[in-house]
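Novice: Below is the structure I would like to discuss, written out as structure tokens.
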Amino acid sequence: MADVFLLIVRWAHAIAAVAWVGGGIFYWVVLRPALRTEGVPPAVARVAGAEFGGLVALAAWTLVVTGFVLVFARLSEPAADVPYGAVLALKIALSVWMFLLVSGRRRGGPADGRPRGRLRAAANALGSVNTTVVLGVVVFGLSDVLRLLFERNL
Ligand code: HEM
């Protein structure tokens with residue numbers, strides 16, 4: 001029963017990670033260049049950004065909740081040694097950075113009515129999508145390292 005629960009938690013964690021990082025890569029590499037094409041109304045970019053923001057918020061909450069269940073499960077096993085703890089601490093620190101970028105983006109979002117503010121908020125949002133994607137790719141790699149370190153000690 002506990003195994004099934006952990007399987008579902010791990011699955012939800014992985015899906016949320018894929019949705020966030022994969023969505024960010026799509027936004028960065030495909031959607032943003034497409035939205036810059038002449039004739040695309042600015043409202044389309046705004047709506048796409050808001051919809052993506054909703055997906056990211058859901059993914060971030062899912063990652064935090066399921067992530068801490070996984071931490072608890074892993075750290076209660078003797079296979080989790082000091083190197084495992086160090087890599088996990090780095091992963092959590094980078095994840096917190098990602099969460100802060102996202103919450104900053106949502107706070108500076110479309111609620112700001114002034115045109116200059118809106119433009120600046122849009123520029124910040126796009127900049128932080130790039131940073132979030134880079135951090136997400138690194139965090140993905142660290143998650144693989146964690147699994148390797150853990151399984152090596154079994
Ligand atoms: C508070 C934040 C987070 C915590 C506490 C956390 C914790 C964990 C833990 C303990 C594991 C298990 C590692 C192992 O196999 O020993 C894991 C796996 C994983 N994490 Fe996270 N994580 C967090 C955020 C993230 C984020 C932001 C991403 C992606 C951007 C991510 C992606 C993954 C992936 C892809 C796995 C592998 C899942 C699998 O093996 O199926 N995590 N995480």
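Novice: Pairing the Cα long axis of helix 2-26 with the longest principal axis of the chain, what angle in degrees results, from 0 to 90 and rounded to the nearest 10?
Specialist: Value to nearest ten degrees: 30.
Novice: With the Cα gyration tensor of the chain giving a ≥ b ≥ c as the square roots of its eigenvalues, does the rule (a/c under 1.5 for rounded; else a/b larger than b/c for prolate; else oblate) give rounded, prolate or oblate?
Specialist: Numbers: a/c = 2.58, a/b = 2.46, b/c = 1.05.
The shape class here is prolate.
Novice: Looking at the square roots a ≥ b ≥ c of the eigenvalues of the Cα gyration tensor of region 53-98, which shape do they give, rounded for a/c under 1.5, prolate if a/b is larger than b/c, or oblate? Write out the running numbers ahead of the final one.
Specialist: Details: a/c = 5.21, a/b = 1.86, b/c = 2.79.
Oblate, since a/c reaches 1.5 and b/c is not below a/b.
Novice: While we're here: Dipole magnitude of region 2-152 about its Cα centre, charges +1 at Lys/Arg Cβ and -1 at Asp/Glu Cβ only, in debye to the nearest 20? List each step's numbers first, then the result.
Specialist: Working: 15 positive and 8 negative charges, 156 e Å.
The calculation lands at about 740 debye.
Novice: What is the angle, in °, between the Cα long axis of helix 82-107 and the longest principal axis of the Cα atoms in the chain? Nearest 10 is fine, range 0 to 90.
Specialist: 20
Values quoted throughout were computed directly from the atomic coordinates according to the rules given, and no laboratory measurement underlies them. Values in this document were obtained by computation on a predicted structure and should not be read as measured data. Every residue, glycine among them, receives a Cβ derived from its backbone with ideal geometry; neighbour counts consider all protein chains shown.
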